[in-house]
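Data first, discussion second: the structure below is written as structure tokens.
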There are 2 protein chains.
Amino acid sequence: MLAPAYATGGDSLARIVMKFGGTSMAGTERIRRVANIVRKQQAAGHEVAVVVSAMAGETDRLVNFCREANALYDPAEYDVVVASGEQVTSGLLALTLQSLGCKARSWLGWQLPIHTIEAHAKARIESIDADELIASMQRGEIAVIPGFQGLSEDNRVTTLGRGGSDTSAVAVAAAVKADRCDIYTDVDGVYTTDPRIVAKARKLKAVTYEEMLELASVGAKVLQTRSVGLAMKEGVRVQVLSSFIGDDAVPADDLPGTMIVSDDEMNALVENGDMERQLVTGIAHDKNEAKIILTRVPDKPGAVAHIFEPLAQASINVDMIIQNVGRDKGETDVTFTVPQADLARAQALLEDKREEIGFNRIITDSKIAKISVVGVGMKSHAGVASTMFRALSDRGINIQAISTSEIKVSVMIDEDETELAVRVLHTAYGLDTDDEAA
Amino acid sequence: MLAPAYATGGDSLARIVMKFGGTSMAGTERIRRVANIVRKQQAAGHEVAVVVSAMAGETDRLVNFCREANALYDPAEYDVVVASGEQVTSGLLALTLQSLGCKARSWLGWQLPIHTIEAHAKARIESIDADELIASMQRGEIAVIPGFQGLSEDNRVTTLGRGGSDTSAVAVAAAVKADRCDIYTDVDGVYTTDPRIVAKARKLKAVTYEEMLELASVGAKVLQTRSVGLAMKEGVRVQVLSSFIGDDAVPADDLPGTMIVSDDEMNALVENGDMERQLVTGIAHDKNEAKIILTRVPDKPGAVAHIFEPLAQASINVDMIIQNVGRDKGETDVTFTVPQADLARAQALLEDKREEIGFNRIITDSKIAKISVVGVGMKSHAGVASTMFRALSDRGINIQAISTSEIKVSVMIDEDETELAVRVLHTAYGLDTDDEAA
């Protein structure tokens, strides 16, 4: 059920995990602003834990040191080096909170500990021993926890991979059974689409975990995808909100961000009249994919496996796939997308397998974009896809490929038409607000 | 007894702890040079542990962050922040050693652990659990250990105070029962006096712990005093040598530094003819003291206690003390020295106690220097002090105060005469070498 936090603007006493990213922690002045935001939550009577990233730029500096020391670095020692960035900011935030008169202390990954599987530099959190932490929070101490880091079974430092602090925050929230996990970012919530493209984009009061996963993975880079998956699995209520709300930071209940909730909670919201039921929640776009066409592939069983197995083995994510049978009998063109960053590597791998696959030409194109329409509402309503196709075709936008999931329809178009397509669809699904977004 | 290391230039297989300071660790290029020095020791068949400082400047940067965050910082959180500097360099040195084909791993203070008493920011090492460490060294892995840091009984990060990495190295050497603790610095050994003042200063093959303590505490800033005391207590043989010996670093046995040894070992050295017996080992100078004169203090029991108790309580070290009875009956002038950095604080404390102490005026002078003549030889030989007084008086240098210990005579003189006094004494005790020092 919905806690009253964002629904009514009030907030009963709660246990809250707050997370601040590297931009918010960049320097002692900004850390002071963060400390003021944290203090207000505690002053409101809540039990508070804070998860912090390293200062913006610091992790890059440390990663560069590792590369200079050893191009093929040992991830166990890499973790020792890079985990220090969050250690510094957690100590500094604890000091700053103390200077504001709060009781506060840092809890490093090995101190709690945050147990992870041993895969250094890309560890996964297995469990967090939270008893001491909860006891400390109940004594009124603000717990400051470095994100991104943990402890392996053999007592060594691990890190979760870049952007892992969101996941740390959600895992801590699950471990302390927090009422809410507030992720402070440099945006103030999740919008119906990118406000830099559509001035009439609306901030969403709430989205479901599944919608957020689709929005995050197609380019609405608000939260790390893995953290949303964990929140869904553990039932952690996540709120995305901004840490840049002026020097006189206001508490979260005065300026709510976007809540990320379960389907049930979303239904309750709609029934209470807090949210309107929408067919489509948001429009996402992604310019970071590239298209590969293999021409005249033999149209026989197993041919497609020859294409995609080597790519999977090289950890290259293939997204949209279309097979155009036609032209010559027994042959087909296969079109698919890969991340632009992997395009050269994918091309080289496919050239290596030219004989096995038996294609004629490789054609590549990185000037494409993927536009996605996302919404839980479309589970029970037909016609979402056809609305999309008609709206785009009415404006002369050519659809090169289509893919769908239960709550998403994506199309591939020419990159130059990205902004036009997003605006057209935002209007077509009735998402435009009357007020222009800030 | 003497191991053959520096006596003959050979070296049987040994267990060695090496320590490198912040200048040696300043950046990945310098760390690579350190790694090459370490590798040569391992290649010679030795078991090696390395203790490292933070990159030069890094600890200052972190201390400044703490001050900005909270002027009255909590030393427990200060320790969390500043200990990160050594964590970074230990990971980077392990990575660099690996890139040279060595097996290496870092062992953080909490991992061994290095147990300390709980006094944050000025902790003392109580014990080191070294079993795992020794086993790792015996497997041929180079152990890289961050200096300066430890773990308190309540599982929190501690640091040993500035310069604490020397002490870490000696403590690790004691714990692993090392044959030698090699401290690499930016000088190549201990000299009879400062070579910047006396070109004919000689590098000493060996000094005793007691001599080194006197030399270190009076301004020959080669080693942290505390580390020398610990080495004496634990019987750790320490060698001071330079890490700046060209890109093609030569092993320690080819270019020996100065060994710091027990009295017995020193006697053995002299009997073997490896060292000449000297009355005086070295001449030290210290310009960092200031003089305070309290005039017309009542000459009655307890008066002096009124002066020095408040200073002791404020942790201000008082060194030379002279009482000049005379002038008016029942009154005396009291002269003493304190570190220049504490002069203002001492003056304020004394002004507060003016009535209790009953002095007339406070006169201060920071333009003084302390010149010390140090040597175990003077234990059994008279005449060292009178040689000093005569040599100085022959050159018209006025002695303002005198203090002595078993192996040291110190005088206070005008700061402007420091260099002259050092040169005069170096010649007077026959310490000048024929070759000019490098």
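Measuring from the axis that superposes chain B on chain A, report the chain B residue with the minimal C-beta distance, rounded to whole Å.
Nearest-to-axis residue on chain B, with distance in whole Å, is B:Ser84, 2.
Once the convex hull of the C-alpha atoms of the protein assembly as shown is built, how many Å³ does it hold per residue, rounded to a whole number?
Roughly 207 Å³ of hull volume per residue.
Relative to the longest principal axis of chain B, what angle (0 to 90°, nearest 10) does the C-alpha long axis of helix B:164-175 take?
60
Put +1 on the Cβ of each Lys and Arg and -1 on the Cβ of each Asp and Glu in chain A; which of A:Thr167, A:Ile368, A:Gln138 then has its Cα farthest toward the positive end of the dipole?
A:Ile368
Please state the charge dipole magnitude for the range B:278-438, taken about the Cα centre, from unit charges on C-beta atoms (+1 on K and R, -1 on D and E), reported in debye and rounded to the nearest 20.
Roughly 500 debye, rounded to the nearest 20.
Over the Cα atoms of the range B:370-438, what is the Rg over Rh ratio if Rh follows Kirkwood?
Ratio value, two decimals: 0.97.
Given the pairs B:Lys200/B:Lys287; A:Lys233/A:Lys291; B:Lys291/B:Lys408; B:Lys177/B:Lys205, which span a C-alpha to C-alpha distance of over 29 angstrom in this model?
Over 29 Å apart, Cα to Cα: A:Lys233/A:Lys291.
In chain B, what percentage of the DSSP-assigned beta bridges are antiparallel, given to the nearest 5?
Beta bridges within chain B, antiparallel portion: roughly 60 percent.
Ignoring ligands, DNA and RNA and using a 1.4 Å probe, state the total buried accessible area between A and B in Å², rounded to the nearest 100.
3200
Specify the inter-centroid distance of the range A:300-377 and the range B:368-438, based on alpha-carbon positions, in whole Å.
So the separation of the two Cα centres works out to 85 Å.
Are there GluC sites (Glu not before Pro) in the range B:87-161 that DSSP puts in a loop and that have at most 16 other Cβ atoms within 10 Å, and which ones?
B:Glu118, B:Glu153
Using a simple charge model, +1 on the beta-carbon of Lys and Arg, -1 on the beta-carbon of Asp and Glu, nothing else, what dipole does chain A show about its Cα centre, in debye to the nearest 20?
Around 220 debye, computed over chain A.
At 1.4 Å probe size, with every protein chain present, just tell me what the per residue accessible area of the protein assembly as shown comes to in Å².
So the protein assembly as shown comes to 42 Å² accessible per residue, rounded to a whole number.
Percent of accessible area on the range B:1-150 owned by carbon and sulfur, 1.4 Å probe?
On the way: 2520 of 5210 Å².
The value for the range B:1-150 is 48 percent carbon and sulfur by accessible area.
Just give the residues from the range B:56-85 buried by at least 20 square angstrom of accessible area in the all-chains context relative to the isolated chain, probe 1.4 Å, and say none if nothing qualifies.
Buried by 20 Å² or more upon assembly, which counts only protein chains, are B:Arg61, B:Phe65, B:Glu68, B:Ala69, B:Asn70, B:Asp74, B:Glu77, B:Val80, B:Val81, B:Ser84.
Once you have the Kirkwood Rh of the range B:278-438 from its Cα pairs, apply Stokes-Einstein at 25 °C and 0.890 mPa s and quote D in µm²/s. Provide the component values of the computation, followed by the final result.
Values: Rh = 17.1 Å.
It diffuses with D of about 143 µm²/s by this estimate.
By how many degrees, between 0 and 90 and to the nearest 10, does the Cα long axis of helix A:303-313 differ from the longest principal axis of chain A?
30
Can you pull the Rg over Rh of chain A, Cα-only, Kirkwood?
1.01
Copy-to-copy spacing for B:Asp263, label 7 Å out on the Cα-to-C-beta vector, in nm, shortest first?
Counterpart label points of B:Asp263 in the remaining copies fall at 8.6 nm.
Give me the Kirkwood hydrodynamic radius of the range A:261-313 in Å, from all C-alpha pairs, to one decimal place? Show your work: numbers first, answer last.
Values: mean 1/r = 0.0623 Å⁻¹.
Hydrodynamic radius (Kirkwood, Cα pairs) of the range A:261-313 is 16.1 Å.
Working from Cα positions, state the angle (0 to 90°, nearest 10) between the long axis of helix B:28-43 and the longest principal axis of chain B.
The helix B:28-43 is inclined about 70 degrees to chain B.
Find, among the GluC sites (Glu not before Pro) in the range A:266-352, those assigned to loop by DSSP (not H, G, I, E, B) with at most 15 other beta-carbon atoms within 10 angstrom. Please list the in-between numbers first.
Details: sites: A:Glu271, A:Glu276, A:Glu289, A:Glu331, A:Glu351; in loops: A:Glu276.
Loop-located and lightly packed - A:Glu276.
Within straight cross-link reach of B:Lys353, meaning Cα distance under 17 Å, which lysines are found once same-chain residues fewer than 8 apart are removed?
Cα-Cα hits under 17 Å: B:Lys300.
Mind listing, in residue-number order, the residues in the range A:98-120 that have at least 20 Å² less accessible area with every protein chain present than in their own chain alone (1.4 Å probe)?
Checking the loss per residue gives A:Gln98, A:Ser99, A:Arg105, A:Ser106, A:Trp110, A:Gln111.
Helix-only estimate, please: 222 nm mean residue ellipticity of chain B, summing -39500 (n - 2.57) across DSSP H runs of length 4 or more and dividing by its residues, to the nearest 500.
Value at 222 nm, helices only, nearest 500: -10000 deg cm²/dmol.
Run through the other copies and list how far each one's label point is from that of A:Ile117, in nm with one decimal, shortest first; the point sits 7 Å from Cα along Cα-Cβ.
Output for A:Ile117: 4.6 nm, nearest copy listed first.
The values are calculated or read from the model by the stated rules, or taken from the named source; none is laboratory data. Since the structure is predicted, the reported quantities are computational estimates derived from the model, not experimental observations. Positions of Cβ are generated from backbone atoms using ideal geometry, with glycine treated the same way; all protein chains shown enter the neighbour counts. Note: accessible area is taken over every heavy atom of the protein model, side chains too, but ligands, DNA and RNA are not part of it. Shrake-Rupley method; radii C 1.70, N 1.55, O 1.52, S 1.80 Å.
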